[in-house]
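Q: Would you mind keeping the following structure in view while I ask a few things?
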């Protein structure tokens, strides 16, 4: 590594050579790039002053509504130049919490923030993104837009109080109506289809009015167009929809979260069109994907055209979910430079450990993906899945692209298949490499369709070295 004396001695030309050499070294070793991403991500810091919600009239017994107390405490903290909005031990009832720059919402151990179950509390509508499409909809339960230096920290709990009676049934018919929907109840499907059509027609976002009567559930936590974000330590329970959803954000640290919510579409963490993100030491048990990286859906994703990139995931634990480490399917704005290492994925209710979802309606390029040192106990389906047949499948005019994927040092104990890799006839997945992987307890042959340049290096299935993954 060049020292300061080296740089002063070499002059501009030598400095350019040294910088170029460092870039080349990172290109040769992608994990050096991952280390560089982590090194430049800096969590925000805050002045050492507290603004207790209780001092602004908040009720720690959840008898009265503390919404106004949260608002006043946040306003005061922001006006003073920043600090902590302190939520002490107890139970606090509130509507949506809107953060402002330089505010750290800190939940002390024993603090439980319970969100109101009346959807009218989440009005007026705000600018948001829903399933990869921009619109005006109910406020997320915790929301920030165009802010810098914001945080949610502490050892307390955010409880959305969603259930079969509140929010979840808006999904409509879903998995044998396990969340209580019956004919005639509210149903998001008509408004969802209308929103998708508006996006295809490039209807101005201000005219994409959802909210009351549309039944589109808001995300739990959504920082939108924010810079320098920290979400650390808190527990999330009973989310309405996607749980942690940074959109168009930069420099995001998410660590030590306990995410346990099994409602419909209860993805754990969904970075979308965001860059320089560190996710570490989190626990997931979810009603959908544990981590799902996105970048906008269909025409709206192409219109906004901002990728998700430079994302590092490490030391996470995934239990229940559809996919553990997932990319897609809202990836029309592309995804690149994703690194995951030292994670544990294990549950009979986890469908896939590694999952890529795309189709010919989304399109989008996913490239430069590196995963290593993953311990997989049990998954219900395949350890590694590529699904270009997701939802609309081949019914679209765009080309889904997956390329330059390396998965190394994966150990799995039980799965239906080792891999299930399915591109499309006119859009094969390309350049996928498995290195030093050991798949045990595999029940059925792998599926490999429309995949080009699949490389296997020291891959074992049920104790046998294989060059053909159809071997069980």
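The values are calculated or read from the model by the stated rules, or taken from the named source; none is laboratory data. Keep in mind it's a predicted model, so treat the numbers as computed, not measured. No Cβ is skipped: glycine too gets one built from the backbone with ideal geometry, and neighbour counts run over all protein chains shown.
Q: Listed residues 305, 294; which is at pLDDT 95 or above and surrounded by fewer than 24 Cβ atoms within 10 Å (Cβ to Cβ)? Reasoning before the result, please.
A: Numbers: 294 fails: surrounded by fewer than 24 Cβ atoms within 10 Å (Cβ to Cβ).
The conditions single out 305.
Q: Could I ask something else about it? Does the stretch 412-430 hold any residues that are within 24 Å of the chain's Cα centre (by Cα) and within 30 Å of residue 28 (Cβ to Cβ), and which are they?
A: Answer for the stretch 412-430, where residues must be within 24 Å of the chain's Cα centre (by Cα) and within 30 Å of residue 28 (Cβ to Cβ): 412, 419, 421, 423, 429.
Q: In addition: When the residues of the stretch 25-59 are filtered to those that are at pLDDT below 95 and out of contact with any strand residue (DSSP E or B) (no Cβ under 8 Å at 6 or more places or on another chain), which remaining residue is farthest from residue 149 (Cα to Cα)? Can you show your working first?
A: Keep residues of the stretch 25-59 that are at pLDDT below 95, which gives 25-30.
Filter once more, so that each one left must be out of contact with any strand residue (DSSP E or B) (no Cβ under 8 Å at 6 or more places or on another chain): 25-29.
Working: 25: 32, 26: 29, 27: 31, 28: 34, 29: 32 Å.
By that ranking, first place goes to 28.
Q: Can you tell which of 184, 180 is over 29 Å from residue 300 (Cα atoms), touching a strand residue (DSSP E or B) at 6+ places or on another chain (Cβ under 9 Å) and not in a strand (DSSP E or B)?
A: Values: 184 fails: touching a strand residue (DSSP E or B) at 6+ places or on another chain (Cβ under 9 Å).
Exactly one of 184, 180 is over 29 Å from residue 300 (Cα atoms), touching a strand residue (DSSP E or B) at 6+ places or on another chain (Cβ under 9 Å) and not in a strand (DSSP E or B), namely 180.
Q: Counting only residues that are at pLDDT 95 or above and over 16 Å from residue 222 (Cβ atoms), give me the strands (runs of 3 or more DSSP E) lying completely in the stretch 60-141 with at least 3 of them.
A: Working: elements: 61-65, 83-87, 90-94, 103-107, 111-115, 126-130, 133-137.
Passing ranges, in order: 61-65, 83-87, 90-94, 103-107, 111-115.
Q: Residues in the stretch 383-406: is at least one buried (at least 24 other Cβ atoms within 10 Å of the Cβ) and within 16 Å of the chain's Cα centre (by Cα)?
A: Checked against the condition, which is being buried (at least 24 other Cβ atoms within 10 Å of the Cβ) and within 16 Å of the chain's Cα centre (by Cα), the stretch 383-406 yields no hits at all.
Q: In this structure, is residue 165 modelled with pLDDT under 95 and outside the structural domain of residue 332 (by TED's automatic domain parsing)? Write out each step before concluding.
A: On the way: modelled with pLDDT under 95: yes; outside the structural domain of residue 332 (by TED's automatic domain parsing): yes.
For residue 165, the condition - modelled with pLDDT under 95 and outside the structural domain of residue 332 (by TED's automatic domain parsing) - is met.
So that you can scan it fast, the table gives a plain yes or no per residue for (1) without any contact (Cβ under 8 Å) to a residue 24 or more places away in the chain; (2) assigned to a strand (DSSP E or B); (3) under 24 Å from residue 261 (Cα atoms):
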| residue | (1), (2), (3) |
| --- | --- |
| 309 | no, yes, no |
| 312 | no, yes, yes |
| 324 | no, yes, yes |
| 329 | no, no, yes |
| 360 | no, no, no |
| 367 | no, yes, no |
| 375 | no, yes, yes |
| 399 | no, no, no |
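Q: Looking at the stretch 416-431, is at least one residue modelled with pLDDT of 95 or more and under 21 Å from residue 342 (Cα atoms)?
A: Yes, because at least one residue in the stretch 416-431 is modelled with pLDDT of 95 or more and under 21 Å from residue 342 (Cα atoms).
Q: Quick one: count up the residues across the stretch 414-472 that are touching a strand residue (DSSP E or B) at 6+ places or on another chain (Cβ under 8 Å) and either part of a strand (DSSP E or B) or outside the structural domain of residue 367 (by TED's automatic domain parsing) (or both). Show your work before the answer.
A: First pass over the stretch 414-472, keeping only residues touching a strand residue (DSSP E or B) at 6+ places or on another chain (Cβ under 8 Å): 414-423, 427-462, 465-467, 469-472.
Filter once more, so that each one left must be either part of a strand (DSSP E or B) or outside the structural domain of residue 367 (by TED's automatic domain parsing) (or both): 414-415, 417-422, 427, 429-439, 442, 447-449, 451-461, 465.
Adding up the residues that qualify gives 36.
Q: Consider residue 191 carefully, then state whether it is touching a helix residue (DSSP H, G or I) at 6+ places or on another chain (Cβ under 7 Å) and part of a helix (DSSP H, G or I). Talk me through it step by step, then tell me what you get.
A: On the way: touching a helix residue (DSSP H, G or I) at 6+ places or on another chain (Cβ under 7 Å): no; part of a helix (DSSP H, G or I): yes.
Answer is no for this residue.
Q: Additional query: Hey, residue 279 hits all of (1) in the same structural domain as residue 385 (by TED's automatic domain parsing); (2) in a strand (DSSP E or B) but one; which does it fall short on?
A: In the conditions (1) in the same structural domain as residue 385 (by TED's automatic domain parsing); (2) in a strand (DSSP E or B), residue 279 misses (1) alone.
Q: Taking residue 99, is it touching a strand residue (DSSP E or B) at 6+ places or on another chain (Cβ under 8 Å), closer than 13 Å to residue 55 by Cβ and touching a residue at least 24 places away in the same chain (Cβ under 8 Å)? Steps first, please.
A: On the way: touching a strand residue (DSSP E or B) at 6+ places or on another chain (Cβ under 8 Å): yes; closer than 13 Å to residue 55 by Cβ: no; touching a residue at least 24 places away in the same chain (Cβ under 8 Å): yes.
Here the answer is no, as residue 99 does not meet what is asked.
Q: Take the conditions farther than 20 Å from residue 291 by Cβ, touching a strand residue (DSSP E or B) at 6+ places or on another chain (Cβ under 7 Å), in contact (Cβ under 8 Å) with a residue 60 or more places away in the chain and assigned to a loop (DSSP other than H, G, I, E, B) and apply them to residue 394. Does it pass? Walk me through how you get there before you give the answer.
A: Values: farther than 20 Å from residue 291 by Cβ: yes; touching a strand residue (DSSP E or B) at 6+ places or on another chain (Cβ under 7 Å): yes; in contact (Cβ under 8 Å) with a residue 60 or more places away in the chain: no; assigned to a loop (DSSP other than H, G, I, E, B): yes.
Here the answer is no, as residue 394 does not meet what is asked.
Q: Here's a follow-up. Quick test of your reading of the structure: residue 299 fulfils all but one of (1) in contact with a helix residue (DSSP H, G or I) (Cβ under 7 Å, 6 or more places away or on another chain); (2) in a strand (DSSP E or B). Name the failing condition by number.
A: Status for residue 299: all satisfied but (2).
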